[in-house]
Amino acid sequence: MLRYLIIPVTPFQQNCSLVWCDQTLDAAVIDPGGDLDRVLGEVQRLGLSLKQIWLTHAHIDHAGGAGELAERLQLPIIGPHTGDQFWIDGLAQQSQMFGFARAKPFTPTRWLQDGDTVTVGNSTLAVRHCPGHTPGHVVFYSSEAQRAFVGDVLFAGSIGRTDFPQGDHDTLIASITQRLWPMGNDTVFIPGHGPESTFGQERRSNPYVADS
């Protein structure tokens, strides 16, 4: 079964997630934006074997530590979608703009497309391309655990910003309603910031995307 732990990192309190297979203890880290020693401390505490880095998108608070972590532990970087290449190219500029430590540049080992899968131990997650916040944003969905790691597409009571370069509000709304809602109302999502919620709760009460 897939397990996970949320570790808020960086001054932006971004929800970095450790995900692992409870049978093999193989693990992946989703969106290691920074505070790598704290993340690795949790890996050690839980007795996990960190195998991969998965990125939802390439904003600095999500991807800022990926290059350093990959180099430090010789890990593959998986994701996001190629639409975020320009954000990866601009990581140093993003670091400067938001006062982060200079991000180490990287090239993903594997780009992701809609309909791909990623695997950690005996657990496989589906990949959905969900553009709008960034053009290359992807989401990781575990049907067995009924959990979706959605980055900055959707939040409890809100949605991702679309005022960054190549962001688009209508595209984001379409991503949420066409790609997230079919995962089911009972699915719990882990957003890039703030508390977890369910898709059903957001369909009832989120002022941006509620059914009514």
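What follows draws every value from the coordinates through simple rules; no lab data is involved. From a predicted model like this one, the values you see are computed outputs, not experimental measurements. As a convention, Cβ positions derive from the backbone with ideal geometry for all residues, glycine included, and neighbour counts pool all protein chains shown.
Expressed to the nearest 5 percent, the antiparallel share of DSSP beta bridges inside the range 25-123 is 10 percent.
The residues packed around Gly90, meaning those with a beta-carbon under 15 Å from its beta-carbon, carry a net charge of -1 if Lys and Arg are +1 and Asp and Glu are -1.
If you take all other residues with their beta carbon under 11 Å from the beta carbon of His129, and give Lys and Arg +1 and Asp and Glu -1, the sum is -1. Of all DSSP beta bridges confined to the range 2-205, the antiparallel ones make up roughly 70%. Across Trp54, Trp87, Trp181, mean-square fluctuation computed from a Gaussian network of the chain (C-alpha pairs under 10 Å connected) peaks at Trp181.
With 10 angstrom as the radius, rank Phe140, Phe155, Phe149 by how many other C-beta atoms surround their C-beta, starting from the fewest. Walk me through the intermediate numbers first.
Details: Phe140 26, Phe155 19, Phe149 23.
Least to most surrounded, the residues fall as Phe155, Phe149, Phe140.
To the nearest 500 deg cm²/dmol, what mean residue ellipticity at 222 nm is calculated for the chain from DSSP H runs of n ≥ 4 alone, each contributing -39,500 (n - 2.57), summed and divided by the residues? Result for the chain: -6000 deg cm²/dmol, rounded to the nearest 500. Diffusion coefficient (Stokes-Einstein, Kirkwood radius over C-alpha pairs, 10 °C, 1.306 mPa s) for the chain: 94 µm²/s, rounded to a whole number.
Note on the range 50-128: along the principal axes its Cα atoms extend 39, 26, 16 Å, ordered by decreasing extent. Please identify, among Gly99, Gly151, Gly64, the residue showing maximal mean-square fluctuation in a Gaussian network model of the chain using a 10 angstrom Cα cutoff. Comparing Gly99, Gly151, Gly64 in the GNM, the peak value goes to Gly99.
For the chain, what does the relative contact order come out to in percent, with C-alpha contacts under 8 Å and a separation of six or more?
Working: 511 pairs, mean separation 33.3, N = 212.
Once divided by the residue count of the chain, the mean separation gives 16 percent.
Of the trypsin sites (Lys or Arg not before Pro) found in the range 138-202, those in coil by DSSP whose Cβ has at most 14 other Cβ atoms within 10 Å are Arg161.
For Ser197, the residues whose modelled amide H falls within less than 5 Å of its own, excluding neighbours fewer than 5 places apart on the same chain, are Phe189. Comparing Ala174, Ala28, Ala148 in a Gaussian network model of the chain (Cα springs below 10 Å), the most mobile by mean-square fluctuation is Ala174.
Taking the Cα centre of the chain as reference, the dipole from Cβ charges on Lys and Arg (+1) and Asp and Glu (-1) amounts to some 240 debye.
Per the Debye calculation on the range 99-198 with a single equal scatterer at every Cα and no solvent contribution, log₁₀ I(q)/I(0) for q = 0.15, 0.19 Å⁻¹ amounts to -0.64, -0.98.
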